[in-house]
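Working notes, beginning with the structure itself.
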């Protein structure tokens, strides 16, 4: 218990004891089930209404019930009090009121005592044995009908800590069949019953109990009024349908905020890595983060930055859980976020204008564009000024913005020897048009192979037949990529469409040089002649010139190195953490 943040219990006395150890304690009172209420309503109907119906008004399906109800009504004579003891632990409670019960049975010859459960019948009641009806333990579904046979329900409790911690079940069970209760003014009974309104509370003395029984025996209208008020209170506030909201509110107020981040798949790419990094930061900040992806089986876990996050596979599955926040990460995931009903706030992390991924005429271009359209229930977030600008200018969204970051532990600086053969690294998928890898290899073809070695790093695409590749590296784990950069001198990057181009920043973080084609995704941090050398599309000769300048000019290399390392430090994830968390507020 001491490992918990709070506790849920059923009575005020239990709550008092628990608060000695825990600050947050909620009293969720025991209640009757909907089935118990239905059985009780039926028992009351069979007692009060059904026996009085003429035979011609009784449906054929109820004819047997009607006959039995009439037989019970005929047998019901005198005034009945009931003690539904349950376990043998209640013997002492009954012993406490025994003098009052014995006196009442002696003074009122029409009085009958119904006892259900394990109770040793005392010798004091032996003279009235013909008016004492005993039944052993019975299935709980029979309890409403047995309770409906009595006029008054007895609930004695000795005033002990154990009894004060008990709940008011016996009052509720009788109330649901409109039978009034006489109860000890102890614990939950005292907390629940309003004396003279929906029950009678007694101090634990023989005179008090005798007087209560005598008053109820003599006043049938009082019994009806107390029974009806008890029913009204309990059917509304002491059954499951009427009591869930406060408990749910208590749990919700103390619950860790939960976030679902939806992926089109968990194959590693730049966009997936960014979203996983955001997930890890949210988790570290105290959120309960779940990853949702269509291509995984239930029970899978994802390990990111030492954080183990659960993954729910949504393909063919039905999700019903509540999410405080839900985040779409690529255009194909937005519908899942928009149309999932049980969510508080919806976010769309836009990491690029994905219409550019498809050729003209492809119907998916229109589908992508619709995700940037009028979706007022969605909060748009992005990772580059370029995306922020076109989301505002073309689609009217004031998107939240925070740049991508880099992990200095994975991309650390190292010294390079520029006197020998120079390694030029080309990165990107050769099958992706917007990665424009062909232009990189067209530029590399101008370089003297005796002086320059070309390495090619790709997650998916293979080298084309005409590429000049001295070493091909494919699907290198992300935590190993930094070592590849450290072994190369220059990154040659020619993507034409990037929302935030990671490879130049990663090369700069290792102290290497970057020769890069300008695009909207690298304009956020690349400054020509300060931390990189830039060129425009088609300026292949200028790119070659940049590479040869780097090899020849140590001063230029040092200036770019210092500028690149400063940029990498400014874009470290640690520096950006607060801004990332603010995206999802």
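The values are calculated or read from the model by the stated rules, or taken from the named source; none is laboratory data. Predicted model only: the values in this text are computed from it and were never measured. Cβ placement follows ideal geometry from the backbone for every residue including glycine, while neighbour counts extend to all protein chains displayed.
Data table
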| read-out | value |
| --- | --- |
| Some residue of segment 408-430 being in contact with a strand residue (DSSP E or B) (Cβ under 8 Å, 6 or more places away or on another chain) and assigned to a helix (DSSP H, G or I) | no |
| In segment 64-81, the residues that are assigned to a helix (DSSP H, G or I) and more than 49 Å from the chain's Cα centre (by Cα) | 64, 66, 67, 68, 69, 70, 71, 72, 73, 74, 75 |
| Segment 346-364 residues that are assigned by TED's automatic domain parsing to the domain that holds residue 391 and more than 12 Å from residue 330 (Cα to Cα), paired with ones that are modelled with pLDDT of 90 or more and in a strand (DSSP E or B) (beta carbon under 7 Å, 6 or more apart) | 346/326; 346/378; 346/379 |
| Residue 386, sole failed condition from (1) in a helix (DSSP H, G or I); (2) in contact (Cβ under 8 Å) with a residue 24 or more places away in the chain; (3) over 24 Å from residue 523 (Cβ atoms) | (3) |
| Only one of 176, 161, 125, 147 that is in contact (Cβ under 8 Å) with a residue 24 or more places away in the chain, in contact with a strand residue (DSSP E or B) (Cβ under 7 Å, 6 or more places away or on another chain) and farther than 26 Å from residue 36 by Cα | 125 |
| Answer from 286, 270, 265 - the residue that is over 30 Å from residue 9 (Cα atoms) and out of contact with any strand residue (DSSP E or B) (no Cβ under 9 Å at 6 or more places or on another chain) | 270 |
| Qualifying residue in segment 286-296 (condition: surrounded by fewer than 20 Cβ atoms within 10 Å (Cβ to Cβ) and either assigned to a helix (DSSP H, G or I) or without any contact (Cβ under 8 Å) to a residue 24 or more places away in the chain (or both)) | no |
| Verdict on residue 84 being under 30 Å from residue 104 (Cα atoms), in contact with a strand residue (DSSP E or B) (Cβ under 9 Å, 6 or more places away or on another chain) and surrounded by 14 or more Cβ atoms within 10 Å (Cβ to Cβ) | yes |
| Unique residue being in the same structural domain as residue 42 (by TED's automatic domain parsing), farther than 24 Å from residue 121 by Cα, in contact with a strand residue (DSSP E or B) (Cβ under 9 Å, 6 or more places away or on another chain) and buried (at least 23 other Cβ atoms within 10 Å of the Cβ) when the list is 226, 201, 154 | 226 |
| One residue from 61, 47, 103 being in a helix (DSSP H, G or I) and farther than 26 Å from residue 113 by Cβ | 61 |
| Residue ranges of strands (runs of 3 or more DSSP E) in segment 110-173 with at least 2 members modelled with pLDDT under 90 | 111-117, 132-135 |
| Within segment 3-17, considering residues that are in contact (Cβ under 8 Å) with a residue 12 or more places away in the chain and more than 24 Å from the chain's Cα centre (by Cα), the one nearest to residue 248 (Cα to Cα) | 10 |
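Residue-by-condition table, conditions (1) over 30 Å from residue 347 (Cβ atoms); (2) surrounded by 15 or more Cβ atoms within 10 Å (Cβ to Cβ):
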site	(1), (2)
234	yes, yes
240	yes, no
250	no, yes
253	no, no
278	no, yes
